1. Name the one entry in Asp153, Asp170 that is of a type in the set (Asp, Glu), under 25 Å from Pro203 (Cβ atoms) and either open to solvent by less than 20 Å² (accessible area, probe 1.4 Å) or in contact with a Lys or Arg (Cβ under 9 Å, 6 or more places away or on another chain) (or both).
2. Mind listing whichever residues of region 96-114 are open to solvent by 50 Å² or more (accessible area, probe 1.4 Å) and among the aliphatic types (A, V, I, L, M)?
3. Here are some residues: Ile219, Ile253. Which one is more than 17 Å from the chain's Cα centre (by Cα) and within 22 Å of Val32 (Cα to Cα)?
4. Would a scan of region 279-290 turn up a residue that is more than 27 Å from Val33 (Cα to Cα), among the acidic types (Asp, Glu), assigned to a loop (DSSP other than H, G, I, E, B) and open to solvent by less than 60 Å² (accessible area, probe 1.4 Å)?
5. What's the number of the only condition in (1) in contact (Cβ under 8 Å) with a residue 12 or more places away in the chain; (2) at negative phi; (3) not charged (D, E, K, R) that Gly111 fails to meet?
6. Would you pick out the residues in region 152-188 that are under 22 Å from Pro70 (Cβ atoms) and not in a strand (DSSP E or B)?
7. Looking only at region 55-62, decide whether some residue is open to solvent by 40 Å² or more (accessible area, probe 1.4 Å), of a type in the set (Ser, Thr, Tyr) and in contact with a strand residue (DSSP E or B) (Cβ under 7 Å, 6 or more places away or on another chain).
8. Any residue in region 303-314 that is free of Cβ contacts under 8 Å to residues at least 24 places away in the same chain, in a helix (DSSP H, G or I) and either among the acidic types (Asp, Glu) or over 30 Å from Gln76 (Cβ atoms) (or both)?
Amino acid sequence: MITAEWPARPTGLLALCAVTLAAAPTVAQQPVVEVSGDVSCGECRITMDTVVTLGGLDGPGSHLLEGPVPLAVVDQRGRILLAMWGRADIAVFDSTGAFLREMGGFGEGPGEYALVTHLNVGPEFIHVFDGLRGRTVLDADHGFVRVDRLRADITAAAVTASETVIFAGDFPSTESVGHKLHLLAGDGDIRSYGWDGSVYRGPSGRQFAVAASDSSAWIVDGASGRIEEWVLLPEPKLSRILNRSVEEFDREITEPPEWPNVANIGAKLDDQGLWILWWGPDPAWTRRTSDPEVANQWEREAPGQTLYDGVLDLIDPETGRTLARYRSDLSLPGFVYGSDMVIAYEETQAGVPWIHLLRPTVHGLASRTR
C-alpha cells in the first residue's frame, strides 16, 4: 500500500501539492482545440549529428544491445546508460561510446531487476523502472539508494528539477485508481490527479508520453493526436486540450489495429518547445496485418528500418503548431534523458544492432524561453 501521508518536510513541487486524494475533484471538462499538424514555419528545419554509435557484431557491450526498443540516459558524470526494454541488465559506456561495464541483472537483490521498462535521470538520482517491481533509485555513482514497490507499468515519465517523477496512465492503487496524472516523490510517496468520475475496471492499455517542468506537464496520447497541458502549481489541474491532426499519422489508425502501427513514443520539454517522437510504417512497406503471428514473422524477417520510419516534431507550446519536422528511415525509439540527444535504432538484415545517439539542431527558429 502506498501511504497517503506526505514526508515531514516536503520540498519543491511536491510541497505545494499536499492535498488528500479523497478530496480530489473530478477533472473539469476542458474544450478541445483542433490544431493542424502541418509544419507552420517554412524557414525552420531540423538536422541531426551523430554523437556516438554503439553496437555492431563484435563491439564491446554489444551482447547487451539486442532488440528494437533501447532505453538510454546520460548520467550526472556524463556516462551513457543503455538498456533494452524487457531485459534486466544495463550497459554503461563513457561519453565516447567506450564500454565500461554492465550492472543490474536478473534478481531480487538491491540494484537487480526483472523487467526494465524505462530509464530516466534527475539532478541527483538515476531512476530505473521495472514493470514487475517498481522504481529503483541509484545515486550518481550507480550505488543503490532505495526501491519503491509500485504496481504500475511505467514506460514513459519525466523527472523535474526538483526530482519529482511525473507519469500518466493506469495506476491501480486505492489512492490513485481512476486518476490520470501521477507525481512520484523521491521517497516513494505518490499523489494522483484527474479523476474522470469512472469506476476503474482494469488496465485500459493506453500508453502516454510525458514531458514536464516544475510548473507544467504535457501528456501525449500514444495512439491519437490528443495532447493535454497540466498546470502543476499551486495544485495540478488540466488547463488545456489540443487535438493535433497529422494526416500521415491519422490515416494509419485503423480498427481493429493493424501492424505495423503508428504511435507517439516520446516527449520532451525544453527552451525550444515541446518535442514529440513518433513512428509510423515505412511508405515502402505496404503490407498490414491484425494477426499477431504474422506480425511477429515480419518482425523476425525484416530489419526495423524496413518496417518503420521515425519522426521528430518540434511544437510551439503556446499555439500547438508544428514548427519543424525531421524524418528518418531509422526508427527513433526515444530521447536520451539527461542530454539533448535522441536514439536511432538500426539493424542489418542478419539482425546485428546499431544504436546511434543523435543531436538535433533547429535552424531558422529564434531562441525560445519556456
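1. When all the criteria are applied, what remains is Asp170.
2. Leu100
3. From the options Ile219, Ile253, the qualifying one is Ile253.
4. Within region 279-290 (the criterion being more than 27 Å from Val33 (Cα to Cα), among the acidic types (Asp, Glu), assigned to a loop (DSSP other than H, G, I, E, B) and open to solvent by less than 60 Å² (accessible area, probe 1.4 Å)), the answer is yes, since at least one residue qualifies.
5. Here Gly111 clears every test but (2).
6. Ala152, Asp153, Ile154, Thr155, Ala156, Ala157, Gly169
7. No: zero hits.
8. No.
The values are calculated or read from the model by the stated rules, or taken from the named source; none is laboratory data. Bear in mind that the values here come from a model prediction, so they are computed numbers and not experimental data. Cβ coordinates were reconstructed from backbone atoms using ideal geometry, including for glycine residues, and neighbour counts include every protein chain displayed. Calculation scope for accessible area: heavy atoms of the full protein, side chains included, ligands and nucleic acids excluded. Shrake-Rupley method; radii C 1.70, N 1.55, O 1.52, S 1.80 Å.
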